[in-house]
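J.: Can you read through this structure? Questions will come right after.
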Amino acid sequence: MSMSRDAGGGERPSRGTRESAIAEEAKIANRSRLAWKEEQLRVWDLLQLFSPWLLLTISTAVYLAWALPASGEPFWPEGATVLGLVAAAVPWVLFGHTLPIRRRTLRPARAGVFLAGLLALCVPLMAYSDIFLVFTVAGFFHAYLIRPWPLGVLGVLATSVALNGSAMRVWAGPTPDMLAEFILVVAVQTAAIGVGILLTARSEPEERKREELVERLEAALHENAGLHAQLVAQARESGAQDERQRLAGEIHDTLAQGLAGIITQLQAAERSASVRGETEEHVARALRLARSSLTEARRSVRALAPRELGRAHLPGALRALTERWSEDQGISARLEVTGTREPLSPAIEVALFRVAQESLTNVAKHAAASRVGVTLSYTGPEVLLDVRDDGRGFAKRAGTGFGLTSMRQRIRGVGGHIEVQSGPGEGTSVSARVPAIAPGGTRVEGEPADDPTGDRR
């Protein structure tokens, strides 16, 4: 976990960690709320689906418990009529209510027909026994399924009329008081249940749409998780490839160059074996190159800057590099620094130093030059590095070796570009141009560029 220290030396969660925790808690709370709403919708769907069967079963069971003869009185024919009506109600509920809901094929016209048939069965059943008032309540549940909502309210009204008319015996000859009471009860019941239908008609579709949207969002999140895993794998592979390229460049700029120098010095020692002093000098140079290469290899493994840059700024490091190279190769090399020196970011200093190092190595291996000039120019927004020699040069198509490719990659990695100009017998010029980016985004002006020591203080 990412932590930060407070004034007392203790540790407290960082801001990013707190924000992540809050986001995770919000996500859990949202999921809980959506799960609760989904459970509500599921319970309501089940209630609408099974309520007619439950109410019919209760009404029939209670009727049979009441109507079966306890003292030998005949159960038929009234009982047979009631059971016949119940038997007719079973397929009517099955094919008009249950199956259309399960198959999502319930339409307003079919829902209205079903409700009318249901009430037509309930009215005679209530005439035989008041217990079937319980079954008639199923009409209220079914009215919630009728769309648009005014038709559902009309279904509630019809159910209320049938239910209360049978319960209050209005059809048997109503009195004015009974009729007024009947109208009042029907009006209040219809209004109360109708408001519920209206609210359900407005909120339930939105809730269901929201649930569908949540499902699609969850599917998208799963898909994004897969894409994220792919991106992480690609980033890991890209990072590994960048690291391989970095190590390849470091090995080429340190070990390969050092080994090449060692071989050159040992070959020179072999050729001058008859002259004792020259042989010892070449062997001493070879040993110095071997030690230097080992040191650079260790610095590369630790991803450290070159040794020269660890002791001085770029001008001083280039001066040390040029003088040592001139001494080892016996070729005249001169460094010139122009402009006002400004501190550069370590990445830019390393890139320019490696370009100069590689260019001098190429001069020693291929150019057969007698003079080399290295120029470091501070121009304000940019820094320029030029390495020129008067050697044999090369054709344009020959300038595609790993060393030149590595130089181009280094300079491009710090936002600059490099140009190599050469021709047979015309020498070679390597010119690198990079932005003058200071460490921490600051610049130090007025410091002389040609500081002979270049010490870091």
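Read-outs throughout are calculated quantities, based only on the coordinates presented, and are distinct from any laboratory measurement. What you are looking at is a predicted structure, and each value in this text was computed from that prediction instead of being measured. Because the Cβ atoms are built from the backbone with ideal geometry, glycine has one as well, and the counts that use them run over all protein chains shown.
J.: Run the simple label-point estimate for residue 129 and residue 421 please: 7 Å along Cα→C-beta, distance reported in nm.
T.: That separation, rounded to one decimal, is 11.2 nm.
J.: If I stretch the segment between residue 198 and residue 105 completely, what's the gain in nm (0.36 nm per residue apart, minus their alpha carbon distance), one decimal? Don't skip to the answer; put the middle values down first.
T.: Values: separation 93, 0.36 × 93 = 33.48 nm, distance 2.17 nm.
Gain on stretching residue 198 to residue 105: 31.3 nm.
J.: Would you list 209, 365 from fewest to most Cβ contacts within 10 Å?
T.: Details: 209 10, 365 14.
Starting with the residue having the fewest Cβ neighbours, the order is 209, 365.
J.: Oh, and also: Using the per-residue mean of other Cβ atoms lying within 10 Å as a proxy for protection, in what order, highest first, do the peptides 76-83, 152-159, 214-221, 371-378 fall?
T.: Ranked by mean Cβ neighbours within 10 Å, highest first: 152-159, 371-378, 76-83, 214-221.
J.: Right, another one. Assuming 0.36 nm per residue, please report the length gained on full extension of the stretch residue 219 to residue 43 beyond their Cα-Cα distance.
T.: That works out to 60.9 nm of additional length.
J.: Would you mind getting me the FRET efficiency between residue 206 and residue 227? Use the beta-carbon distance for r and R0 = 35 Å, nearest 0.05.
T.: Result of the calculation: an efficiency of 0.70.
J.: Taking θ as phi - 60°, what are the ³J(HN,Hα) couplings along region 372-380 by the Karplus curve (6.51, -1.76, 1.60), each to the nearest whole Hz, with x for Gly and Pro?
T.: Using θ = phi - 60°, the values come out as 10, x, 10, 10, 10, 10, 9, 10, x Hz.
J.: Using label points projected 7 Å from each Cα along Cα→Cβ, tell me how many nm separate residue 185 and residue 57, to one decimal.
T.: Between residue 185 and residue 57, the label points sit 2.9 nm apart.
J.: Sticking with this one: Name the residues whose placed amide hydrogens come within less than 5 Å of the amide hydrogen of residue 333, ignoring near sequence neighbours (fewer than 5 apart) on the same chain.
T.: Sorted by chain and number, the residues that satisfy this are 372.
J.: OK, next. Pop a pseudo-label 7 angstrom from the Cα along the beta-carbon direction at both residue 90 and residue 175 and give the gap in nm to one decimal.
T.: Using points 7 Å along Cα→Cβ, the separation is 4.3 nm.
J.: Using the Karplus equation 6.51 cos²θ - 1.76 cosθ + 1.60 (θ = phi - 60°), what ³J(HN,Hα) coupling, rounded to whole Hz, does each residue of region 173-179 give in order, writing x for Gly and Pro?
T.: Going residue by residue, I get x, x, 8, x, 5, 5, 5 Hz, with x marking Gly and Pro.
J.: If you don't mind, there's one more thing I want to ask. Quick one: 223, 382, fewest Cβ neighbours within 10 Å first, how do they rank? Let's see the in-between values first.
T.: Working: 223 10, 382 13.
The order, fewest Cβ neighbours first, is 223, 382.
J.: Step through the residues of region 183-195 one at a time and calculate ³J(HN,Hα) from phi using the Karplus curve (6.51 cos²θ - 1.76 cosθ + 1.60, θ = phi - 60°), rounding each to whole Hz and writing x for Gly and Pro.
T.: 5, 5, 5, 5, 5, 5, 5, 5, 5, 5, 6, x, 4
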